[in-house]
Amino acid sequence: MKAEIDGAQIEATQALTLAGDLESLKLARISHLGDRSTIARISQSLGSLDPSLKAPIGKALGEARNQLNELFEKRLAELTLKRDQEVIESERVDVTLPLRRTPKGGIHPLTLIDQEIADIFIGLGYRVMEGPELEAAWLNFDALNIPADHPARTMQDTFFLEPLESNLVLRTHTSPTQIRTMLTQEPPIYVICPGRTFRSDELDATHTPVFSQVEGLVVDQGISMADLKGTLDYFAKKIFGDEVVSRLRPSYFPFTEPSAEVDIFFNGRWIEWGGCGMVNPNVLETCGIDTEKYSGFAFGMGLERTLMVRHQVADIRAIVEGDVRFSRKFGMGGR
Ligand code: PHE
């Protein structure tokens, strides 16, 4: 029986020593020290042994157990350390490896200036209004004091939708959004209307059939041309720099009276920036606004043109064709 214990101890020692990882160590312990191991079996039969053998066999068993338990603990510590080192090694990051340069997408310069303008006017207490690109001809023209036989109707080369009886157009300016605002809100009104607009122009260096505008509209008590001038001056300085001044030049729009072109003095010369004027009382009345009590101003400029002036872009196609090499200069990745 002593020989059997020795044999079991040698086998168990081998198994525990040879176990190369925590999993096989666990299995070795179960088969050599567990309930069904030789050592456990002998322990169970201890009671039925001849009394003279009980003490020496019990002692031999105890010693074998102690030695094997100690060995198990030692192997457990070694293999745990080994496992931890393997994990550290396999999760190691080599910070000196060259990185893969995946170009990031970015925000288009038109979107950037659109957001910049919205920020400027929100800072002045305005709200941003948006309207549909496919617009009722009545809102795009008639309500803006441009009747059916008015030359301005063909002046702005309009995309009409078939069937023509649908009376739908691709909006030629964002002014119909101003009408929508006045029809649904009571003064005081302080809004800007940014958005995409359409005119049947050929695409060349200075024209594009799809472009973007931002228009402003104010309707309140006691609004005068001086408010318009002050607002445009502030707007121009925010967009083009503090040294920039603006001037108004008499002009004509059916929806404003008087009307003006707004120029800015930028890089040593006067540059036409947009149109503006006092909202024509006819337009206010169409929208149910009391012209005895309220007056208003409006202005509108092209976003592509604003970008071209500010960044000396010679060809509008660079802006609308979405070439990433152009956009990147404006801070691809957003700001
Ligand atoms: N709607 C005009 C255009 O597209 C611009 C404009 C807006 C002029 C507001 C005056 C007042 O040409």
Segment 48-64 residues that are among the aliphatic types (A, V, I, L, M), paired with ones that are assigned to a helix (DSSP H, G or I) (beta carbon under 6 Å, 6 or more apart) | ALA60/LYS2; ALA60/ILE5; LEU61/SER43; ALA64/ILE5; ALA64/GLN9
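Filter segment 78-92 down to residues that are among the hydrophobic types (A, V, I, L, M, F, W, C) and under 41 Å from the mean Cα position of the chain (by Cα) and give me whichever is farthest from LYS26 (Cα to Cα).
Residues of segment 78-92 among the hydrophobic types (A, V, I, L, M, F, W, C): 79, 81, 87-88.
With under 41 Å from the mean Cα position of the chain (by Cα) added as a condition, the list becomes 87-88.
Details: VAL87: 19, ILE88: 23 Å.
Within segment 78-92, the match that is farthest from LYS26 (Cα to Cα) is ILE88.
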Please give the number of the condition GLU73 fails out of (1) free of Cβ contacts under 8 Å to residues at least 60 places away in the same chain; (2) assigned by TED's automatic domain parsing to the domain that holds ALA8; (3) surrounded by 12 or more Cβ atoms within 10 Å (Cβ to Cβ).
-> (3)
Note down all Cβ pairs under 8 Å where the first residue falls in segment 94-111 and is touching a residue at least 60 places away in the same chain (Cβ under 8 Å), the second is of a type in the set (Asp, Glu), and they're at least six residues apart or on different chains.
-> LEU110/GLU304
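Answer yes if at least one residue in segment 170-185 is within 16 Å of the ligand (Cβ to nearest atom), open to solvent by 70 Å² or more (accessible area, probe 1.4 Å) and within 19 Å of GLY288 (Cβ to Cβ), and no otherwise. I'd like the intermediate steps shown before the answer.
Filtering segment 170-185 for residues within 16 Å of the ligand (Cβ to nearest atom) gives 170-182.
Applying the additional criterion that residues be open to solvent by 70 Å² or more (accessible area, probe 1.4 Å) yields 180.
Cutting the leftovers down to within 19 Å of GLY288 (Cβ to Cβ) gives us 180.
Checked against the condition, which is being within 16 Å of the ligand (Cβ to nearest atom), open to solvent by 70 Å² or more (accessible area, probe 1.4 Å) and within 19 Å of GLY288 (Cβ to Cβ), segment 170-185 yields at least one hit.
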Give the number of residues within segment 252-267 that are within 10 Å of the ligand (Cβ to nearest atom) and surrounded by 18 or more Cβ atoms within 10 Å (Cβ to Cβ).
-> 7
Hits in segment 269-295 - residues which are open to solvent by 60 Å² or more (accessible area, probe 1.4 Å), away from the ligand (no atom under 13 Å from the Cβ) and more than 17 Å from MET182 (Cα to Cα) | ARG269, TRP270
Pick from segment 204-234, criterion within 15 Å of the ligand (Cβ to nearest atom) and among the acidic types (Asp, Glu), ranking: most open to solvent (accessible area, probe 1.4 Å) = ASP227
Check ALA298, ALA318 and return the single one that is without any contact (Cβ under 8 Å) to a residue 40 or more places away in the chain, of a type in the set (Gly, Ala, Ser), touching a helix residue (DSSP H, G or I) at 6+ places or on another chain (Cβ under 7 Å) and surrounded by 17 or more Cβ atoms within 10 Å (Cβ to Cβ).
-> ALA318
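Please pick out the residue among GLN67, GLN44, GLN115 that is open to solvent by 60 Å² or more (accessible area, probe 1.4 Å), under 30 Å from TYR252 (Cα atoms) and either touching a helix residue (DSSP H, G or I) at 6+ places or on another chain (Cβ under 9 Å) or of a type outside the set (Val, Ile, Thr) (or both).
Unique residue meeting the criteria: GLN115.
The values are calculated or read from the model by the stated rules, or taken from the named source; none is laboratory data. Note that the structure is predicted; figures quoted are calculated from it, not measured. Every residue, glycine as well, gets a Cβ built from its backbone with ideal geometry; the counts of neighbours run over all protein chains shown. Ligands, DNA and RNA are excluded from the accessible area calculation, which covers all protein heavy atoms including side chains. Shrake-Rupley method; radii C 1.70, N 1.55, O 1.52, S 1.80 Å.
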